[in-house]
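**Q** Below are the structure tokens for one structure; questions will follow.
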Amino acid sequence: MSVDRIPEEISIFLVEDDEEDAILFREYLSEIPFPKFVLQRYKDGPSALDALRSSGPVKNQIYVLDHFLGSQNGIDLLNDIRSVIDGPVSAILVSGLSKEELEILAKKSGFAGYLEKRNLAAGSLSEEFLNILFRTQRKDISPERKVSEENARVARMETIAQFGGGIAHDFNNILNIIIANLDLLEIQCKEQPEIINRIRSAQNAVMRAADVNKKLLNFSRKQSLRQELTDPNELIREFLKKSQELFPTRIRVTFDPEERGDRCLIDSSEFASSLTQLFQNAIEANEDKEGEILVETIRVVSNFQKGIPGLEDGNFFLLKITDTGIGIQAENWEKIFDPFYSTKPKGKSSGLGLSMVYGFVKRSKGHIFFQSNPGIGTEFYLYFPILELKSDRLIPGNAKKQSREIFYFHTEGPFADWIIYFLRSLGYAVHKVPDLKDLGTNPEFLKKDSCLISETWKPGFAQWFEFAITAKRDRSQIEIYYFSSQDWPNNFENSFQFRWPITRKSLENHFAKL
């Protein structure tokens, strides 16, 4: 099964002896708009095993086993099913036990997941089934064909988008009926002010719901775009000019565009909405403190040799938005684009802002990445395909080859990908050093006029810094650079610090002169 596609139909093999629980389970499955779940229910273990022996396992099948089945239990039944199938089994244990007990029992018994009976609902079923499918996909792919974590995340988002789109479509039809009836009531009750006020209050609430639904449709990519060929720099410049009241005086906004005049196919209204959401998040991330938002744009040429991971070959307009806020905690990284997910207090956010941005970028045939360092800040990278180049094509590597080589001790992610791409575009040979041991066993950098670069947020930075100082003592031509949000306490007089947010011009001005 391809990791970038969820099957349209999934078979659920349910063994449940309680009739009411089985009826509820069937109802919950029917409420899930995507994918389609086909239920086969058996009342006990023997009938389930007989069915498996006669028909065999079905593709994309998930086994849901009740914990207590009269004289038998779901744990013993799972072992019997494995002996009949003679292969891997994706099974979920359903029980009335507490979550803590159930989690330990399911893991110990070899179940892929578990469900609490008291918390059964369409949402919990869908989430658990999809999690199992993604884990199964990654196990089924050979090491040679394993996709990156980014591709796995994209596949998950695609599924959520289809799920959300189905809900939004049905919800939209319901809202239209409510709006039509409220409009009729307003006409019929125009001589009754008190009732009119209540009708208008309901109309306002429906319009707010319609706005939320529009964001969900944007995320699911079922909302049509009104695209025009335009220079995104002009849209950003116009937005910043018209939206000055959006930014508190304590926030300094810097816009540094690369003025090439390249044009992309973009819906200007949705683009402005996405900018609003990203800037609002950046402002809130700074809380009540002084902060900075850096907005940079540049043309990126991606090819198989010197491109950005996750981008196909081609020319892209990169919009990079960096803040100096509190950052996003690691446990939230996988969820920030999910619809209705928010770290804000209840009632403060619909949780659809970033999912709307994600949907807009994807519908524009683009890509969106982000990296966040708690206590330092967050960066969003939006790549839009360029349809019309207005200046000479820039090809990474065509720059004059530099004599120095760069050894970059880095954290994997979009920030490092961008730094490596940009330095290579200046003509440098950049060697990725994800582990300090790799640098210690590579004597090549000592034979050359090398540059050692790292980040203060990279685990092991202190050890890297000591290593770099020792290397420079042995060979004075070595240059030491690091990215930081504040002065590093063990600053070395012959090292150079790039302060967060890291600007394109600071890199260009410094490394172009080496």
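**Q** Quick one: what pairs do we get from segment 349-366, first residue within 22 Å of Leu265 (Cβ to Cβ) and open to solvent by less than 10 Å² (accessible area, probe 1.4 Å), second modelled with pLDDT of 80 or more and outside any helix (DSSP H, G or I), C-beta under 6 Å, 6+ apart or different chains?
**A** Filtered contacts from segment 349-366: Tyr358/Ile368; Val361/Ile368; Val361/Leu382; Ser364/Phe384; Gly366/Tyr383; Gly366/Phe384.
**Q** When residues of segment 76-95 are filtered for being open to solvent by 40 Å² or more (accessible area, probe 1.4 Å), in contact with a helix residue (DSSP H, G or I) (Cβ under 7 Å, 6 or more places away or on another chain) and either among the acidic types (Asp, Glu) or at pLDDT 90 or above (or both), how many remain?
**A** Residues meeting the conditions: 1.
**Q** Now a separate question. I'd like the residue in segment 377-418 that is modelled with pLDDT of 80 or more, part of a loop (DSSP other than H, G, I, E, B) and open to solvent by less than 20 Å² (accessible area, probe 1.4 Å) and, out of all such residues, is farthest from Ala330 (Cα to Cα).
**A** The residue in question is His410.
**Q** I'd like the residue in segment 281-315 that is among the small types (Gly, Ala, Ser) and not in a loop (DSSP other than H, G, I, E, B) and, out of all such residues, is surrounded by the fewest Cβ atoms within 10 Å (Cβ to Cβ). Walk me through how you get there before you give the answer.
**A** Of all residues in segment 281-315, those among the small types (Gly, Ala, Ser) come to 282, 285, 291, 302, 307, 310, 314.
Filter once more, so that each one left must be not in a loop (DSSP other than H, G, I, E, B): 282, 285, 291, 302, 314.
Values: Ala282: 26, Ala285: 19, Gly291: 20, Ser302: 20, Gly314: 13.
Looking at the filtered set, the residue picked out is Gly314.
**Q** Can you find, within segment 231-257, the residue that is nearest to Glu296 (Cα to Cα) among those that are charged (D, E, K, R) and open to solvent by less than 30 Å² (accessible area, probe 1.4 Å)?
**A** By that ranking, first place goes to Asp256.
**Q** Okay, next question. When the residues of segment 54-73 are filtered to those that are touching a helix residue (DSSP H, G or I) at 6+ places or on another chain (Cβ under 6 Å) and either open to solvent by 70 Å² or more (accessible area, probe 1.4 Å) or assigned to a loop (DSSP other than H, G, I, E, B) (or both), which remaining residue is nearest to Ile12 (Cα to Cα)?
**A** Ranking the qualifying residues of segment 54-73, first place goes to Pro57.
**Q** Go through segment 102-133 and give me each residue that's in contact with a Ser or Thr (Cβ under 9 Å, 6 or more places away or on another chain), assigned to a helix (DSSP H, G or I) and either among the small types (Gly, Ala, Ser) or surrounded by fewer than 13 Cβ atoms within 10 Å (Cβ to Cβ) (or both).
**A** Those that are in contact with a Ser or Thr (Cβ under 9 Å, 6 or more places away or on another chain), assigned to a helix (DSSP H, G or I) and either among the small types (Gly, Ala, Ser) or surrounded by fewer than 13 Cβ atoms within 10 Å (Cβ to Cβ) (or both): Ala106, Ala122.
**Q** Taking Ile326 as meeting all but one of (1) over 17 Å from Phe422 (Cα atoms); (2) of a type in the set (A, V, I, L, M); (3) in a loop (DSSP other than H, G, I, E, B); (4) open to solvent by less than 50 Å² (accessible area, probe 1.4 Å), write down the number of the exception.
**A** Evaluating Ile326 over (1) over 17 Å from Phe422 (Cα atoms); (2) of a type in the set (A, V, I, L, M); (3) in a loop (DSSP other than H, G, I, E, B); (4) open to solvent by less than 50 Å² (accessible area, probe 1.4 Å) leaves (4) as the failure.
**Q** Here's another thing I want to ask about it. Condition first: within 22 Å of Arg118 (Cβ to Cβ), among the small types (Gly, Ala, Ser), in a helix (DSSP H, G or I) and in contact (Cβ under 8 Å) with a residue 12 or more places away in the chain. Can you find one or more residues in segment 19-26 that meet it?
**A** yes
The values are calculated or read from the model by the stated rules, or taken from the named source; none is laboratory data. In this text, all values refer to a predicted model and were calculated from it rather than measured experimentally. Positions of Cβ are backbone-derived with ideal geometry, glycine not excepted, and every protein chain shown enters the neighbour counts. For accessibility, only protein heavy atoms count, side chains too; no ligands or nucleic acids. Shrake-Rupley method; radii C 1.70, N 1.55, O 1.52, S 1.80 Å.
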